[in-house]
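Trainee: Input: one structure, supplied below.
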Amino acid sequence: MSVVNSHAEALRPVVCKLSGKVCPELLEVERQSNRPPWGEELFEREFANRYSRIYGARLLGRIVGFLVVHVVMDEAHVVNFGILTELRGQGIGRVLLEEVLEDLRREAHKTVTLEVRAGNLPAINLYQSVGFAECGIRPAYYSDNNEDALTMRLDLTAPVSWRSTDDRDCASATKAA
């Protein structure tokens, strides 16, 4: 059991927007979370993209999760989301997702969309638990195995019944170097 894992239940991750260079921790979370994983070049493009935001979840000073969202006008689209394998199922993904959604809500965005592998039941359950609803299927969407993607949508103008997070200012949080 790692030090991070032994303390995960007692600690709440700090969530903030990441900026700067791609760090090895971010790439490791991605490697453990997605197939095929994004490489450093793709993350660099996201950092440079004016419509893209990369949020990180830090635990004990280490990046243990991330969420990439594209924001255009009053809409947002989750394009990538990952949590270290050893910390999945401990609420870190929920905290990260809820805080990103709250940030988008504060900025008056109206909807959030995403695609998720049809077989990724833990992720689907998480998304549904915060109000996302299935709105379609993209057949053979994923290139590695031709798995279908479920498309999901969340109305940010609806009352918030899922919120379990507190407001925090991440400006003072350490950013990825």
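Trainee: Keeping to region 37-61, report how many residues are loosely packed, with under 15 Cβ neighbours inside 10 Å and either part of a strand (DSSP E or B) or among the acidic types (Asp, Glu) (or both).
Mentor: 3
Trainee: What number of residues within region 30-66 are closer than 14 Å to GLY93 by Cβ and either in contact with a helix residue (DSSP H, G or I) (Cβ under 6 Å, 6 or more places away or on another chain) or hydrophobic (A, V, I, L, M, F, W, C) (or both)?
Mentor: Of the residues in region 30-66, 8 are closer than 14 Å to GLY93 by Cβ and either in contact with a helix residue (DSSP H, G or I) (Cβ under 6 Å, 6 or more places away or on another chain) or hydrophobic (A, V, I, L, M, F, W, C) (or both).
Trainee: Can you list residue pairs whose Cβ atoms sit under 8 Å apart, with the first residue in region 55-82 being more than 20 Å from ALA123 (Cβ to Cβ) and the second being part of a strand (DSSP E or B) and charged (D, E, K, R)? Count only pairs 6 or more apart in sequence or on different chains.
Mentor: Note: pairs meeting the criteria are VAL71/ARG53.
Trainee: Can I ask one more? Could you run through region 106-131 and say how many residues are among the charged types (D, E, K, R), outside any strand (DSSP E or B) and touching a strand residue (DSSP E or B) at 6+ places or on another chain (Cβ under 9 Å)?
Mentor: First, pick out the residues of region 106-131 that are among the charged types (D, E, K, R): 106-107, 110, 115, 117.
Narrowing the set further to residues that are outside any strand (DSSP E or B) leaves 106-107, 110.
Next cut, touching a strand residue (DSSP E or B) at 6+ places or on another chain (Cβ under 9 Å) only: 107, 110.
Counting residues in region 106-131 that are among the charged types (D, E, K, R), outside any strand (DSSP E or B) and touching a strand residue (DSSP E or B) at 6+ places or on another chain (Cβ under 9 Å) gives 2.
Trainee: Say whether the condition of being part of a loop (DSSP other than H, G, I, E, B), in contact with a Pro (Cβ under 7 Å, 6 or more places away or on another chain) and modelled with pLDDT of 95 or more is met by at least one residue in region 139-152.
Mentor: yes
The values are calculated or read from the model by the stated rules, or taken from the named source; none is laboratory data. Keep in mind it's a predicted model, so treat the numbers as computed, not measured. Note that each Cβ is placed from the backbone with ideal geometry, even for glycine, and that neighbours are counted across all protein chains shown.
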